[in-house]
Each structure stands twice: as C-alpha cells, then as structure tokens.
Amino acid sequence: MSLDKIKKLRETTSLGINVCKKALEEVGGDFNKAYETLKKRGIEVMQKKKNRKTSQGLVEAYVHFGGNLGVLIEINCETDFVAHTDIFKKFAKDIAMHIAAVNPKYLKKEDIPQEGLENIEDIDNYTKEYCLLSQIFVKDNSLSIADYLKQVISQTGENVVIKRFVRFFLGEDEAA
C-alpha cells in the first residue's frame, strides 16, 4: 500500500491513518473508491448518531476586521469534552467565518418558509445559495458545509448539530 495514498486520503478526509489504510486495502488501493467508501461510512455514522441528545457545545463569535460585520453561532455536541477539542473549536470558527463571508439566510432547506418557495424557479440552486448546510465551504470548495459537518461527526464520534446562527452587518435594521 502506497504511503502517499494513505497520506493523501488522511489529508482529504481528516480521518486516522489506520482508517484510511484499511479503506484503501478494501478497494485494492483505488483512492477514489476509498474516498467514496469513507464518505458513505461517514453518512451511516451520522445517521446512527443523529438522534443522540446534544446539550453541550459552543457559542462562537466572529467579528470581521473593522468591526462592521459579526456572526454568532451555536454548535452543539454530546459532551463537554468534545466541545473543547481542537477539531470542534476549529469547526465552530470555520463555520462562523463562512457565515460572515457567504451570508446564508437559513440553516437547511426545511427552514425556508413554504410561502416563499412558490416564487422560486430553481429550488436546488436557491438552496445551495441561501441554506448553510447546502453551501460550498469557502475554505475548501470540494466540501459542502454538510460534508464538513459529517467529517467532524466522524472525527469526534459524537452527534454534532449546528443549532442556530445570526449575522449582523453595521447599518442594517435587522440581523441578516
């Protein structure tokens, strides 16, 4: 097994070396198949954990240089221990910065008011533009925010939920 492939898969997925090595071995060393296998496993892990109670977490604040733009976000997890890990803290900071940069209006598609959906011609594109979980992550355009969330769930072994967010821009009447 090529050490370079293991390293590349680890960098791409942020999963452990042994997990990446095992995935590559299972698919005969094919990087793309191993990546897809790990992605599928991440979804399965997420589905198993999605009903677990998330009463711990962080409220992360991001204020953009110059002080004219700010974001508050609440991200929950199952234990206080995970809430204080570098992985979780980095995720919270990354998501707050993403919200500042991209300005999503909703967390997920289900949050869009039903009366507003009638006037939208291309709901998929609208969702990708205005729903946080459907947006492409600004720091890594190979990932959606939902994919990034799945990675964090896989890495921490806990259910992680983006609970709510608010974005403030100086001069606006309401939070955007």
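All of the numbers you see were taken from the coordinates with simple rules; none came from a lab. A quick note: this is a predicted structure, and the numbers were derived from the prediction, not measured. All Cβ positions, glycine included, derive from the backbone under ideal geometry; neighbour counts span all protein chains shown.
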> Which shape class applies to the range 55-126: rounded if a/c is under 1.5, otherwise prolate when a/b exceeds b/c and oblate if not, where a ≥ b ≥ c are the square roots of the Cα gyration tensor eigenvalues?
Replying inline: oblate
>> Are there any GluC sites (Glu not before Pro) in the range 129-176 that are in a DSSP loop and have at most 10 other Cβ atoms within 10 Å? List them by number.
In response: Glu172, Glu174
> If you project the alpha carbons of the chain onto the principal axes, what extent comes out on each, in Å, largest first?
Replying inline: 58, 40, 34
>> Given contacts defined as C-alpha pairs under 8 Å and at least six residues apart, what's the relative contact order of the range 80-176, whole-number percent?
In response: 26 percent
> What spacing in nm lies between the two simple spin-label points modelled at Asn119 and Arg164, each 7 Å away from Cα in the Cβ direction?
Replying inline: 2.6 nm
> Summing Lys, Arg as +1 and Asp, Glu as -1, what charge do residues with Cβ under 12 Å from the Cβ of Ala61 carry, Ala61 excluded?
Replying inline: 0
> Over the range 29-138, what is the mean sequence separation of C-alpha contacts under 8 Å (at least six apart), divided by residue count, expressed as relative contact order in percent?
Replying inline: 19 percent
>> For a Förster distance of 22 Å, can you work out the FRET efficiency between the beta-carbons of Arg41 and Ala61, rounded to the nearest 0.05?
In response: 0.10
>> On a full-extension model of 0.36 nm per residue, what is the gain between Glu26 and Lys7, subtracting their alpha-carbon distance, rounded to one decimal in nm?
In response: 5.2 nm
>> Using the basic label-point model (7 angstrom from Cα toward the beta carbon), what is the Lys128 to Glu172 distance in nanometres?
In response: 2.3 nm
> What pairs from Lys33/Lys90; Lys8/Lys40; Lys128/Lys150; Lys21/Lys139; Lys105/Lys163 go past 20 Å between their alpha carbons?
Replying inline: Lys33/Lys90; Lys21/Lys139
